[in-house]
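**Q** My questions will all concern the structure given below.
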Amino acid sequence: MKLHVLSGLCLIMTQTGQAQELFLANFEQQSVYNSLYYDLDDPNSPHSLVNNPDEPLLNFSGQGNNLGYSAFYVPYDDPSTGLSDGDHVGITDDTGITGAWSEGNQGYVLSDIDGNFILNFSEIQLNQSTETTVSCSLFIRESTYEGDGTQNASNSDRIAIYVVDPSNGSKIDLINTEGHDIDDLDIEGRWLRLTAQITGFERAKLVVEARNNASNEAFYIDDIRFEGQLNITDIKNKQSAVVPNPIDQNFSLIRRPSALKEIYIQNIFGRIVWRGDIHQNSWSVPHLNSGLYFLNIADRDLTWTQKIIKK
Ligand SMILES: [Ca+2]
Ligand SMILES: [Ca+2]
Ligand SMILES: [Ca+2]
Ligand SMILES: [Ca+2]
């Protein structure tokens, strides 16, 4: 019985063959405030940086497959003013230095931090993806940077962008200037496209760590993308299929398994957002936001997944 089902499964497996955009951060959703950001918290101690009214936004909760992010401040060993003196950080549409954004009309700037600015992106689930890559655009303003970034101190400028897998601690750098004077690396004054292969990462979290201390020292970030091939079993022939798809409010299954064991929906981050009663013949999901989801169906022998769209 098992064998029969498995050979059947081979026939219905299809690979999409081409890299798909899984998650992104393009910084286009948020409002722009053309002012300085003033951190009202104590610059002598590490703390989260909050969004202040009518000031550039530093944090975003995420939307669909657009990643959320949250900002954190860590002072120098010998603390300085940090962002309490008013700085250009966060979401901006200013193109005075870059000429244009790498993508769209907005991006994220990190300037005159007088400490460390850490931008943590939402953790994502990648175990359904292969050939996964992450890429990010970075523009380093032409300036006179100091030090080699190894000291947690003023005049030890540094930018690092990396991805960690929280499930096992693996870490891959997209860039890390530590150990070098930024001026010596020939990376200023133009958009750099940074890419890393992260195949094998079960989960991933992108982190940007920036340290600089002058108003003409600035790092611009844009167009972050996680891409890969989704290994989704395509539902054909004898397997169940969802109708309708896209789903409006309710759906049911063509060829509903007689021994339905489990039916649940995951969002693109891998989180289970809905579980259905296996005794029903149709289900209602009005609470799901519009977008792409994965419906998982299990019978006695097999679990399979179908991409579904909620209208
Ligand atoms: Ca953008
Ligand atoms: Ca500052
Ligand atoms: Ca220098
Ligand atoms: Ca500096």
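Read-outs: derived from the displayed coordinates by stated rules, not from any lab. Quick caveat: nothing in here was measured; it's all calculated off a predicted structure. Note that each Cβ is placed from the backbone with ideal geometry, even for glycine, and that neighbours are counted across all protein chains shown.
**Q** Can you tell me which of 184-193, 116-125, 145-154, 43-52 comes out highest on packing, and rank the rest after it, using the mean Cβ neighbours within 10 Å?
**A** Ranked from most to least packed, the peptides come out as 116-125, 145-154, 43-52, 184-193.
**Q** Shifting gears a bit: Between the range 148-178 and the range 188-214, what is the C-alpha centre distance in whole Å?
**A** 9 Å
**Q** What shape does the range 161-311 have by the C-alpha gyration tensor, where a ≥ b ≥ c are the square roots of the eigenvalues, rounded means a/c under 1.5, and otherwise prolate means a/b greater than b/c and oblate the rest?
**A** prolate
**Q** Once you sort the root eigenvalues of the Cα gyration tensor of the range 87-136 as a ≥ b ≥ c, which label holds: rounded (a/c under 1.5), prolate (a/b larger than b/c) or oblate (the other case)?
**A** Because a/c hits 1.5 or more and a/b fails to exceed b/c, the range 87-136 counts as oblate.
**Q** How large is the charge dipole for the chain, taken about the Cα centre, if only the Cβ atoms of Lys, Arg (+1) and Asp, Glu (-1) carry charge, to the nearest 20 debye?
**A** Magnitude of the dipole: close to 3060 debye.
**Q** If one takes the longest principal axis of the Cα atoms in the chain, at what angle in degrees, from 0 to 90 and to the nearest 10, does the Cα axis of helix 2-12 lie?
**A** Value to nearest ten degrees: 60.
**Q** Sticking with this structure for a sec: Write down the Kirkwood hydrodynamic radius of the chain, to one decimal in angstroms, obtained as one divided by the mean of 1/r over all alpha carbon pairs.
**A** After inverting the pairwise mean of 1/r, the radius is 21.6 Å.
**Q** To continue, here is another question. What is the packing order of peptides 96-103, 293-300, taking the mean over residues of other C-beta atoms within 10 Å and listing the highest first?
**A** Answer by packing, highest mean first, reads 293-300, 96-103.
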